[in-house]
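The values are calculated or read from the model by the stated rules, or taken from the named source; none is laboratory data. No experiment lies behind these values; they were computed from the predicted model shown. Cβ: placed from backbone, ideal geometry, glycine included. Neighbour counts: every protein chain shown.
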Amino acid sequence: MNNVLVKVEHLSRYYGPNIAVNTIGFEVRRGEVLGFLGPNGAGKTSTMQMITGNLAPSAGRIEIGGVDLLDNPKQAKTQIGYLPELPPLYRELSVDEYLQFCARIHRVPKTSIHKSVAYAKERCGLNDVGPRLIGNLSKGYQQRVGIAQAIVHLPAVIVLDEPTVGLDPIQIREIRSLIRELGKDHAVILSTHILPEVQMTCDHVQIISKGNLVYRDTISNLNQQARLGALTLGLNHPPELSALQSLPQVQSVEPLGNQRWKLLHAHNANPAQEIATIAVNQQWGLCELTPEYKSLEQFFVDITMIEPKPEANPA
Amino acid sequence: MIFTIALRELRSLFVSPIAWVLLALMQFVLVFFFGGSVEMYFDPQSQVRMHGQDPGITALTGPFLFFWASLFVVLVIPLLTMKVFSEEKRTGSLSLLRSAPVSITEIVLGKFVGLSYFNLILLALISVMPLSLLLFGKLDLGLLAAVIIGFFLLISSYTALGLFISTLTRSPIVAAVVTLLLLLFLMFVDLVIVQQNSASAFSYISLRTHLEQFFMGVFSTKDMLYFIIFIITFLILAIAKLDYERQQG
């Protein structure tokens, strides 16, 4: 059995005359976390709604775990867990009641409902709030209940639409690590418009723009491409500026103040390792060395600009 | 699946105060009508006695009580059905059901059954009043059964209409008001437009006229069919509307 859990082919969606999703196709395998990037209104949510059966496609095919979603919606949907942008919660129910209901409508066998709910709560850190009403929980906890809802029936595919929006930094970190963990034994599709989020949690990435899939690659390749050709260097015992300028491959140095410098280097080089070695050997008190990445905007603009002529390679 | 959704619906109704308040108010008001009708039976001066007839206590209390109840539920049902879909659309919880392996038909039927559970509770509370007379004497149980069945068909029809209206909007208030106006119209068209020759058509539309046979103790299959077709029509409309949303987004 192959491990392609989501297979999308020629998927299109029109809203009246407007095209929201234009013949996109992709695959997600077990153990992959796919980051689905794009500015607001690019068609991320429409695509996710189609994969989860909330929206009928205008054209195209969707297979979930080898089952055609359009021909066999019930069978295919048992393998999907979906967290929409707004977590679909019944605020008047307690966490336990709600998760039991979710397990039941996802056709979890009666005998294992209790176990499934306990597993989902454990996984999402909800053990302390089981009897509490969802409406009284904080936003972060509600978001976790939303994720618990998506995993309670142990689906093969988990689809999360902007799962970290509106959370505080600690909650964001927890949710991201939860997603990475889920990615080990499920296929996870995660939509966001935050590039670093994808860099931190995903191993594959695809970018959608105005309904078209404009980029698809692994995260390590993305990191290569998104690198700006610049490093931020922080030193506690800095040498003369000229010493920094003579570092290998460094083309110019901009002081950032506070004993930090921005070192510009050739776009396709990565002198970080050499610089680190030199800084340590010379006892400059190395305290920061960070490659700079483009923001999603920049990266996105670059990709859409390069796209028509992929062979051209401006150094 | 249908019953899982139905039980969830019923539970959500009863964890909010609205179901309790409505049931209590309804009972409080109707008990006066019931008391009044019992009193009427024992009043030697009452109209029915003076005409030399004796319709019996069941015929005096049952239809009278349920007739007033059928007017009150015009106010009660819209408040119960308003949230069913509009609230789920507003909060986004409808997508939980949509992405679950259940069909739209099952969702709509589940909601309808859930509300029907509530209707049964309401029906039981009202029926207890005339049935309490059994402690003191005999009742025409056949007549009472016809009245109760007619009343249940009527509130099920209200519920199906309210459920459909609730799929049309995200605002529960709008759903409640529209349902209320439509129910008032459907109950009283024949009274408002009585002079025209087309009165028979209007009286055929009117939900109230279909109740009359039941309230006279006749188990009228013709009228029962009317209610059942009414219910099925609005359930199908609700299913079609939700399916249309999936198609059109």
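Scanning segment A:265-287 for residues that are surrounded by fewer than 16 Cβ atoms within 10 Å (Cβ to Cβ), under 34 Å from the mean Cα position of the chain (by Cα) and farther than 21 Å from A:Leu195 by Cβ yields A:Ala266, A:Ala269, A:Gln273, A:Glu274, A:Ala276, A:Thr277, A:Cys287.
Given the criteria among the aromatic types (Phe, Trp, Tyr) and at pLDDT 95 or above, does B:Phe164 qualify?
Working: among the aromatic types (Phe, Trp, Tyr): yes; at pLDDT 95 or above: yes.
So B:Phe164 fits the description; yes.
Kindly indicate whether any position in segment A:108-115 is more than 25 Å from the chain's Cα centre (by Cα), more than 16 Å from A:Gln142 (Cβ to Cβ), buried (at least 17 other Cβ atoms within 10 Å of the Cβ) and within 14 Å of another protein chain (Cβ to nearest Cβ). The answer is yes; a qualifying residue exists. Of the residues making up segment A:24-59, just one is surrounded by fewer than 18 Cβ atoms within 10 Å (Cβ to Cβ), on the phi > 0 side of the Ramachandran plot and touching a helix residue (DSSP H, G or I) at 6+ places or on another chain (Cβ under 8 Å), namely A:Gly31.
Quick test for you: out of B:Asp190, B:Asp243, pick the one residue that is in contact with a Ser or Thr (Cβ under 8 Å, 6 or more places away or on another chain) and surrounded by fewer than 20 Cβ atoms within 10 Å (Cβ to Cβ). Talk me through it step by step, then tell me what you get.
On the way: B:Asp243 fails: in contact with a Ser or Thr (Cβ under 8 Å, 6 or more places away or on another chain).
Of B:Asp190, B:Asp243, the one residue that is in contact with a Ser or Thr (Cβ under 8 Å, 6 or more places away or on another chain) and surrounded by fewer than 20 Cβ atoms within 10 Å (Cβ to Cβ) is B:Asp190.
Hey, could you check segment A:189-226 for residues that are of a type in the set (A, V, I, L, M) and within 9 Å of the chain's Cα centre (by Cα) and say which is surrounded by the most Cβ atoms within 10 Å (Cβ to Cβ)? Per the criteria, the residue is A:Ile189.
Yes/no per residue for (1) within 17 Å of B:Ile2 (Cα to Cα); (2) touching a helix residue (DSSP H, G or I) at 6+ places or on another chain (Cβ under 8 Å); (3) among the hydroxyl-bearing types (Ser, Thr, Tyr):
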| site | (1), (2), (3) |
| --- | --- |
| B:Thr91 | no, no, yes |
| B:Val108 | yes, yes, no |
| B:Tyr117 | yes, yes, yes |
| B:Ser132 | no, no, yes |
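In the set (1) at pLDDT below 90; (2) under 26 Å from A:Lys7 (Cα atoms); (3) buried (at least 17 other Cβ atoms within 10 Å of the Cβ), A:Gly146 fails one condition alone, (1).
Which members of segment A:211-241 meet the condition of being among the β-branched types (Val, Ile, Thr) and in contact (Cβ under 8 Å) with a residue 60 or more places away in the chain? I'd like the intermediate steps shown before the answer.
First pass over segment A:211-241, keeping only residues among the β-branched types (Val, Ile, Thr): A:214, A:218-219, A:232.
A:Val214, A:Ile219, A:Thr232, listed by residue number.
The number of residues in segment A:161-174 that are buried (at least 19 other Cβ atoms within 10 Å of the Cβ) and touching a strand residue (DSSP E or B) at 6+ places or on another chain (Cβ under 9 Å) comes to 4.
The residue that is nearest to the other protein chains (Cβ to nearest Cβ), among those in segment A:60-78 that are surrounded by 16 or more Cβ atoms within 10 Å (Cβ to Cβ) and of a type in the set (A, V, I, L, M, F, W, C), is A:Ala76. In the set B:Leu97, B:Leu60, only one residue is at pLDDT 90 or above and of a type outside the set (D, E, K, R); that residue is B:Leu97. The one condition from (1) surrounded by fewer than 24 Cβ atoms within 10 Å (Cβ to Cβ); (2) over 23 Å from the mean Cα position of the chain (by Cα); (3) under 24 Å from A:Gly183 (Cα atoms); (4) within 10 Å of another protein chain (Cβ to nearest Cβ) that A:Cys102 does not meet is (1). Across segment A:79-90, what is the number of residues that are at the interface with chain B (Cβ under 7 Å from one of its Cβ atoms) and either modelled with pLDDT under 90 or surrounded by fewer than 20 Cβ atoms within 10 Å (Cβ to Cβ) (or both)? So the count comes out to 1. Taken together, B:Ser127, B:Ser99, B:Ser132, B:Ser103 contain a single residue that is without any contact (Cβ under 8 Å) to a residue 24 or more places away in the chain and in contact with a strand residue (DSSP E or B) (Cβ under 6 Å, 6 or more places away or on another chain), which is B:Ser99.
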